[in-house]
Each structure stands twice: as structure tokens, then as C-alpha cells.
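A short worksheet on the structure shown next.
The values are calculated or read from the model by the stated rules, or taken from the named source; none is laboratory data. All figures in this text were calculated on a predicted structure; none of them were measured in a lab. Heads up, the Cβs are rebuilt from the backbone with ideal geometry, glycines too, and the neighbour counts pull from every protein chain shown.
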């Protein structure tokens, strides 16, 4: 789904943070492992696949902190047409000339933690 000129505020997170890991809590640990010889495309399909999207292309599931930011924006004057929570693979569908902010959530921004 291409939004043309884009959405004013786009929120996202890494593919591993946006995955439900097939609802397997042990599979979630695979996101912290080095891939080594495993191709990224294979890992994304088998270890941390993207989850469902709403019909408008927005993410159905997202990290709690990202949803809290979305809720704050909506409570403080922005409309749902101005704020989009999307999967990282869908950024090109939502970012355009009208986009003013891209917010990226990170569980471990310094890269120092294992998971």
C-alpha cells in the first residue's frame, strides 16, 4: 500500500522487535544470536517473520513502548491519519514528502545487551 506523499509521523522498530516469533518465547532468543552463514532472508522467514498487518498496511502488533508513543501523539492533537506504526519492510509505503518525523524504537540502542 503506497501512501503517496507519506504520513506525517511514522513509527517503527527493528524486524526482531516487531515479530511475534510464532508465539514461541524461546524462539525470541534467536534474535540475539549472530547469523553467521545463515542468509538474512531465511532468518526473517524462519526465525522472526513479520506478523499481521491491518488492511491499511499498518502494523497490527508493535512493541509496547512504540504503542505508548503512538497513544501520546493521538491524545495530544495528532490524528490517526497523521501517525502510522509500520513494519520496517513497509517504510517506503509510508514515508514521503509529507513525512516530518520517523521514530525508531530500540530495546537496546547501544547494542550492549544480549537480548
Go through the range 30-53 residue by residue and tally those that are surrounded by 13 or more Cβ atoms within 10 Å (Cβ to Cβ) and either touching a residue at least 24 places away in the same chain (Cβ under 8 Å) or closer than 22 Å to residue 11 by Cα (or both). 8
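Identify all residues within the range 70-90 that are under 13 Å from the mean Cα position of the chain (by Cα) and at pLDDT 95 or above; write none if there are none.
70, 84, 85, 86
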Of all residues in the range 89-115, how many are in a helix (DSSP H, G or I) and exposed (fewer than 15 other Cβ atoms within 10 Å of the Cβ)? 2
Residue check, residue 15 touching a helix residue (DSSP H, G or I) at 6+ places or on another chain (Cβ under 9 Å), buried (at least 17 other Cβ atoms within 10 Å of the Cβ), modelled with pLDDT under 95 and not in a loop (DSSP other than H, G, I, E, B): no
Would you confirm, using the coordinates I've provided, whether residue 5 is out of contact with any strand residue (DSSP E or B) (no Cβ under 6 Å at 6 or more places or on another chain), surrounded by 13 or more Cβ atoms within 10 Å (Cβ to Cβ) and in contact (Cβ under 8 Å) with a residue 12 or more places away in the chain? no
Give me a count of the residues in the range 68-88 that are in a helix (DSSP H, G or I) and free of Cβ contacts under 8 Å to residues at least 12 places away in the same chain. 5
Residue in the range 1-12 that is nearest to residue 73 (Cα to Cα), counting only those that are modelled with pLDDT of 85 or more and not in a strand (DSSP E or B): 8
Being at pLDDT 80 or above and within 16 Å of residue 89 (Cβ to Cβ): is that true of residue 67 here? no
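Here is a yes/no grid of residues against (1) touching a helix residue (DSSP H, G or I) at 6+ places or on another chain (Cβ under 6 Å); (2) surrounded by 13 or more Cβ atoms within 10 Å (Cβ to Cβ); (3) closer than 16 Å to residue 5 by Cα:
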site	(1), (2), (3)
55	no, no, no
62	no, yes, no
68	no, no, no
72	no, no, no
75	no, no, no
79	no, no, no
83	yes, yes, yes
